[in-house]
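**Q** Okay, here's the structure, questions in a sec.
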Amino acid sequence: SESVRLVLDGAGRTSPVSITIDGEEAEITLVREVRQHYVSGAVQHVDFIRVDPDKPVEAPVPIVLTGEAPGTRGGAGLVTQGIYHVLIVAKPFEVPQQLIVDVSPLTDTSVSIKVDDLDYPPGVTPTTAGETRVAWIQIPRAQEEEAEEEAIEDAALEGEDGATSEGEGSSRVAGETTQEPSQS
């Protein structure tokens, strides 16, 4: 049981596992499903799928974000991860353990990293849609709400002061308010 846990921890769902039963020739497999006890976490069942080491297989590969996104400096936003695995096709021994994604290209809220932007090792092809967003910068909800409240207050004050005509002040402020969220 402990040996099964060690194999699962080391192989995950991306590394081939060699299984020998009753001294027979070893079979090359991938882990397909692991069932654990909902309280203790003890492994109750493992499903393996037999694979041919020379034929491509589809496998989920974990995404790990690394680095610093310039667009988050000063609390301007937070890096948001959209997906945590990419489905790829590769020969069993060419499936990477994980894909490291550098978030330093995220300079502002208009930039995102997509599946097509990732670096894949030779022989690895993604099957997840290329336009799927992996990571981007999102403005914190509190800042968005604060900006909207300030715009509403400004519109109300301008209307009361008479500094601008109601029509001009309302349309100008409304225009500014609708532009900010669309940039995110």
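**Q** Output wanted: per-residue J couplings in Hz (rounded whole) for the range 102-118, from phi through Karplus 6.51 cos²θ - 1.76 cosθ + 1.60, θ = phi - 60°, x for Gly and Pro.
**A** Values per residue, Gly and Pro as x: 7, 8, 4, x, 7, 8, 7, 6, 8, 9, 9, 9, 10, 3, 5, 7, 6 Hz.
**Q** What chymotrypsin sites (Phe, Trp or Tyr not before Pro) does the range 23-107 have in DSSP loop regions with at most 15 other beta carbons within 10 Å?
**A** When the chymotrypsin sites (Phe, Trp or Tyr not before Pro) of the range 23-107 are filtered for loop state and at most 15 Cβ neighbours within 10 Å, TYR38, TYR84 remain.
**Q** Can you work out the Karplus-derived ³J(HN,Hα) for every residue in the range 69-75? Use 6.51 cos²θ - 1.76 cosθ + 1.60 with θ = phi - 60°, whole Hz, and x for glycine or proline.
**A** 8, x, x, 9, 4, x, x
**Q** Step through the residues of the range 48-60 one at a time and calculate ³J(HN,Hα) from phi using the Karplus curve (6.51 cos²θ - 1.76 cosθ + 1.60, θ = phi - 60°), rounding each to whole Hz and writing x for Gly and Pro.
**A** My calculation for the range 48-60 gives 10, 10, 6, 10, 8, x, 9, 10, x, 10, 9, 8, x Hz in order.
**Q** Still on this structure, I have one more. Let's test this: bin the Cα-Cα distances of the range 85-124 at 10 Å from zero up to the farthest pair and state each bin's percent.
**A** For the range 85-124, the binned pair fractions read 24, 49, 20, 7 percent.
**Q** Another one. How compact is the range 57-101 by the rule of thumb for globular proteins, expressed as Cα Rg over 2.2 N^0.38 Å?
**A** Computed over Cα atoms of the range 57-101, the ratio equals 1.52.
**Q** Between VAL61 and residues 5 or more places away or on another chain, which pairs have amide H atoms under 5 Å apart, with H built 1.01 Å from N, and which residues are they?
**A** Under 5 Å from the amide H of VAL61: VAL86, LEU87, ILE88.
**Q** To the nearest whole percent, what portion of all C-alpha pairs in the range 1-109 is separated by more than 15 angstrom?
**A** Counting every Cα pair in the range 1-109, those more than 15 Å apart make up 71 percent.
Values in this text are rule-based calculations from the coordinates and carry no lab data. The model shown is predicted, which means the values in this text are computed figures rather than measured ones. Because the Cβ atoms are built from the backbone with ideal geometry, glycine has one as well, and the counts that use them run over all protein chains shown.
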